[in-house]
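**Q** Dropping the structure in here first, questions after.
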Amino acid sequence: MSNYRFKLGMDLQMTGLPLNGALSLAEELGAKYGWFGDLHWAVSEVTDATINGIGELAARHGVKLFLIGAGGAFSKIHLADLVLETLPDQPEFRRDFNRLIQTMQAANRLEVDSVLVYTFAWPGEYSAGKPTWPMRWLTRGGVIANVDMEKLLKVFSLVVEQAEKYNINIVLGNLPWHYTNTTSHCRQLIEQLGSKRIKIMWHPSDNLTSGESDSATAGFINVRPFLHSLHVKDLRVINGLNLNFEYCPIGEGDVDYLTVLRNLRDHCTDAVFAVATHFTLPDADGADTMRINFSNIKSLISQVEAGR
């Protein structure tokens, strides 16, 4: 345990800087690991040469790319709109599935072993009023209907086939708008899939937003066997039933990051602690808020390393 070191990383895209600037900031703050959500953020045109350029630039700044997002694949699709029997042929699914395959190919070229993907939106999520939100909050994340679980298993069985082909791990996002919004839903889906290719990027703050109040404790037990990385930000839940919350600097919100950090240390967890921001301050940009969050998380890490 005394030899354990936290793997500090950064959500490069959230800095608001272009790739070179984001990597420079990562180097300045001591982030040895980086990820981004969309190839088209990093380069205007995805070609072998531009992908090679991403890797060369990261290496010059001493940053290891540990994950690439597939441009928000499956994030904006309402699962209820997909028909189980014809799912692979539906245009919305096919568009995002092809984007995912392109990202796997780019990851191979960059020698990145993991690609992030999302798990579809709850009914009406992107319509006015978020009609299923109250049910989801009151039930600690919602109730996944049998037909919806069938769809998820069908989709991710197809995804696993491609992951095996490209030797890529598939990392599920843990956002509150999607079906794997809580650690329990993540575990349920992964255990039913039964593939070692499927991992989790754990979002303790988003679990709280979804009503999973014990994310730092019981939630860690759920995700530990599948844990790839953490999406790290903080927030205060003001009125969960009415989806009223506010982002804030790490350590100033409701997420129990000291417990999260102790769990990672005590179990020698090989997961990247990927710092994000989300909060804003007057006259501050994404780089400024990233500096604040890195300062705060380093302070919390120092407390844990000191045994407090």
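**Q** If you go through the stretch 1-60, how many residues are among the aromatic types (F, W, Y), touching a strand residue (DSSP E or B) at 6+ places or on another chain (Cβ under 8 Å) and over 26 Å from L175 (Cα atoms)?
**A** Start the filter on the stretch 1-60 by keeping residues that are among the aromatic types (F, W, Y), which leaves 4, 6, 33, 35-36, 41.
Imposing the further condition that a residue be touching a strand residue (DSSP E or B) at 6+ places or on another chain (Cβ under 8 Å) reduces the set to 6, 33, 35-36.
Applying the additional criterion that residues be over 26 Å from L175 (Cα atoms) yields none.
Within the stretch 1-60, residues that are among the aromatic types (F, W, Y), touching a strand residue (DSSP E or B) at 6+ places or on another chain (Cβ under 8 Å) and over 26 Å from L175 (Cα atoms) number 0.
**Q** From L261, L235, grab the single residue that is within 26 Å of L65 (Cα to Cα) and either crowded, with 19+ Cβ neighbours inside 10 Å or among the small types (G, A, S) (or both).
**A** L261
**Q** Can you pull out the residues in the stretch 14-66 that are of a type in the set (D, E, K, R) and either farther than 21 Å from T289 by Cα or not in a helix (DSSP H, G or I) (or both)? Walk me through how you get there before you give the answer.
**A** We begin by selecting, within the stretch 14-66, every residue of a type in the set (D, E, K, R); these are 27-28, 32, 38, 45, 48, 56, 60, 64.
Answer for the stretch 14-66, where residues must be of a type in the set (D, E, K, R) and either farther than 21 Å from T289 by Cα or not in a helix (DSSP H, G or I) (or both): K32, D38, E45, D48, E56, R60, K64.
**Q** Within the stretch 66-76, which residues are under 18 Å from I51 (Cα atoms) and either among the basic types (K, R) or buried (at least 21 other Cβ atoms within 10 Å of the Cβ) (or both)?
**A** L67, I68, G69, A70
**Q** Of the residues L25, L84, L79, which single one is among the hydrophobic types (A, V, I, L, M, F, W, C), surrounded by fewer than 17 Cβ atoms within 10 Å (Cβ to Cβ), touching a helix residue (DSSP H, G or I) at 6+ places or on another chain (Cβ under 8 Å) and touching a residue at least 40 places away in the same chain (Cβ under 8 Å)? Give the steps one after another, and end with the answer.
**A** Working: L25 fails: surrounded by fewer than 17 Cβ atoms within 10 Å (Cβ to Cβ); L79 fails: surrounded by fewer than 17 Cβ atoms within 10 Å (Cβ to Cβ).
Selected residue: L84, the only one of L25, L84, L79 that is among the hydrophobic types (A, V, I, L, M, F, W, C), surrounded by fewer than 17 Cβ atoms within 10 Å (Cβ to Cβ), touching a helix residue (DSSP H, G or I) at 6+ places or on another chain (Cβ under 8 Å) and touching a residue at least 40 places away in the same chain (Cβ under 8 Å).
**Q** Could you say which residue among T289, T259, T280 is in a helix (DSSP H, G or I), closer than 21 Å to G16 by Cβ and either of a type in the set (V, I, T) or at pLDDT 95 or above (or both)?
**A** Numbers: T259 fails: closer than 21 Å to G16 by Cβ; T280 fails: in a helix (DSSP H, G or I).
Just a single option satisfies the conditions, and that option is T289.
**Q** Determine which member of the set E246, E212, E252 is surrounded by 22 or more Cβ atoms within 10 Å (Cβ to Cβ), of a type in the set (D, E) and either assigned to a helix (DSSP H, G or I) or modelled with pLDDT of 95 or more (or both).
**A** On the way: E246 fails: surrounded by 22 or more Cβ atoms within 10 Å (Cβ to Cβ); E252 fails: surrounded by 22 or more Cβ atoms within 10 Å (Cβ to Cβ).
Being surrounded by 22 or more Cβ atoms within 10 Å (Cβ to Cβ), of a type in the set (D, E) and either assigned to a helix (DSSP H, G or I) or modelled with pLDDT of 95 or more (or both) holds for just one of E246, E212, E252, which is E212.
**Q** Shifting gears a bit: If we keep just the residues of the stretch 100-139 that are buried (at least 19 other Cβ atoms within 10 Å of the Cβ) and of a type in the set (D, E, K, R), which is farthest from A80 (Cα to Cα)?
**A** Per the criteria, the residue is R136.
The values are calculated or read from the model by the stated rules, or taken from the named source; none is laboratory data. Just so it is clear, the structure is predicted and the values come from calculations on it, not from any experiment. Here the Cβ is made from the backbone with ideal geometry for all residues, glycine too, and neighbour counts use every protein chain on show.
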